[in-house]
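Some notes on the structure that comes next.
What follows is calculated from the coordinates using simple rules that are stated; it is not laboratory data. Here the structure is a predicted model, which is why all the values come from computation and not from measurement. When we count neighbours, we look across all protein chains shown, and the Cβ atoms used for this are built from the backbone with ideal geometry, even at glycine.
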Amino acid sequence: MNTHQTLKIIDNLPDGELVTSVKHWTNRLFSFRIERPISLRFRSGEFVMIGLPGDNGKPLYRAYSIASPSWDEELEFYSIKIQDGPLTSKLQNIKIGDRVLLRPKPTGTLVLDALIPGNRLFMFATGTGIAPFASLIRDPETYEKFAEVILTHTCRNIAELKYGKVLVESLADDPLIGELIDGKLKYYPTITQENFKTKGRITNLLSNGQLFSDLCIKEMSAESDRAMICGSMGLNNDMRKILEARGLSEGANSRPAEYVLEKAFVG
Amino acid sequence: MTYVVTENCIKCKYTDCVSVCPVDCFYEGENMLVIHPDECIDCGVCEPECPADAIKPDSETELEALAEIECRVFQKMARDSRSERSTYRC
């Protein structure tokens with residue numbers, strides 16, 4: 001690429017959105033917030049492409065679930081840090097006042113519109129897969145549509161649960177959501193590589209019934225329950241089998257059904 | 001991995017896939033849409049949205065050949081200055 005071409009690309013880059021806060025949760029996890037363009041509309045649970053200018057001047061984008069709810073004036077993201085990752089190796093160093101590039105087309109299947117009405121909504125997350133659910137559990141519409149919301153979050157180490165734990169605990173005092181979630185939101189963290197009150201993969205805890213007995217709730221059924229999955233490819237495949245064996249079928253925006261899963265997730 | 005459009009798309013005019021694609025990587029072929037393999041980010045959102053069940057991951061063995069054909073379609077499109085982005089978008 002010659003200099004003229006490089007300059008042309010940089011000239012064409014959008015300004016990006018201002019970073020308003022950054023919080024590092026562990027040496028592998030951080031969250032940050034950016035200003036939200038007035039024109040950006042999205043449904044809670046959707047993802048968007050965000051990025052930074054690459055070394056060659058060309059923007060480098062990756063899909064990130066928006067962790068903030070659709071009513072929030074800012075956009076929040078929750079990210080892993082990969083030392084040699086093309087984007088996260090740079091993104092992890094952003095500071096307040098920096099700018100992050102944002103493409104203007106949010107999309108995704110982890111949305112309430114892709115589910116048919118039901119009584120309970122199960123959200124199954126591993127690692128940074130909690131991000132879209134961080135958005136949905138802060139959206140009043142979630143509690144208008146479902147009588148009970150069960151959020152499970154599985155990580156390798158206890159420290160990796162902190163983002164979700166702090167968020168869930170903060171909701172009780174939230175002026176918008178606090179009253180709505182009273183008794184409706186159940187949080188079920190599980191750990192795979194350290195001793196913890198609920199230890200093991202969520203697929204095992206679901207299959208052996210421990211999830212239900214621990215929370216004192218009845219087993220899942222296709223008639224009354226809906227589910228959303230956001231995790232590794234392994235979790236997606238295993239959960240798909242478990243849910244379909246229970247009679248749930250995969251939904252989409254154009255074809256709402258009993259469960260949806262996020263394939264864009266790579267964290 | 002990327003996603004490919006199979007023959008179920010032929011003469012389909014739903015374009016739900018185009019609406020949900022975050023990177024607008026669908027292009028209009030002669031009688032069906034094709035996914036640009038270099039632009040597709042493998043997010044998979046289009047797959048369940050397709051009413052014709054025409055979009056599949058190219059990791060499905062029988063679709064590898066189709067993915068190669070679609071690659072050649074784009075090589076041809078790159079040479080053809082008349083080709084334009086899909087005009088199906090609502």
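General observations
- Take the Cα of A:Gln83, step 7 Å toward its Cβ, do the same at A:Leu40, and the gap between the two points is 3.1 nm.
- Descending semi-axes in Å of the protein assembly as shown, equivalent ellipsoid built from Cα gyration tensor: 34, 26, 18
- Of all DSSP beta bridges confined to the protein assembly as shown, the antiparallel ones make up roughly 55%.
- In terms of the mean number of neighbouring beta-carbon atoms within 10 Å, the peptides A:42-55, A:185-198, B:18-31 order highest first as A:42-55, B:18-31, A:185-198.
- Distance between the modelled labels on A:Phe212 and A:Asp182, one decimal in nanometres: 3.0 nm (7 Å Cα→Cβ projection).
- Average other protein chain Cβ within 10 Å of Cβ, residues B:37-48: 5
- Extension gain, A:Thr192 back to A:Ser170 (0.36 nm per residue minus Cα-Cα distance, nm): 5.4 nm
- A:Ser224 paired with A:Arg201, simple spin-label distance in nm, labels 7 Å along Cα-to-beta-carbon: 2.9
- Dividing the Cα radius of gyration of the stretch A:3-102 by its Kirkwood radius returns 0.97 for Rg/Rh.
- Excluding same-chain neighbours fewer than eight residues apart, the lysines reachable from B:Lys56 by a Cα-Cα span under 26 Å are A:Lys105, A:Lys241, A:Lys263, B:Lys11, B:Lys13, B:Lys76.
- Residues A:Leu60 and B:Lys11, FRET efficiency given R0 of 56 Å [Cβ-Cβ distance, rounded to 0.05]: 0.90
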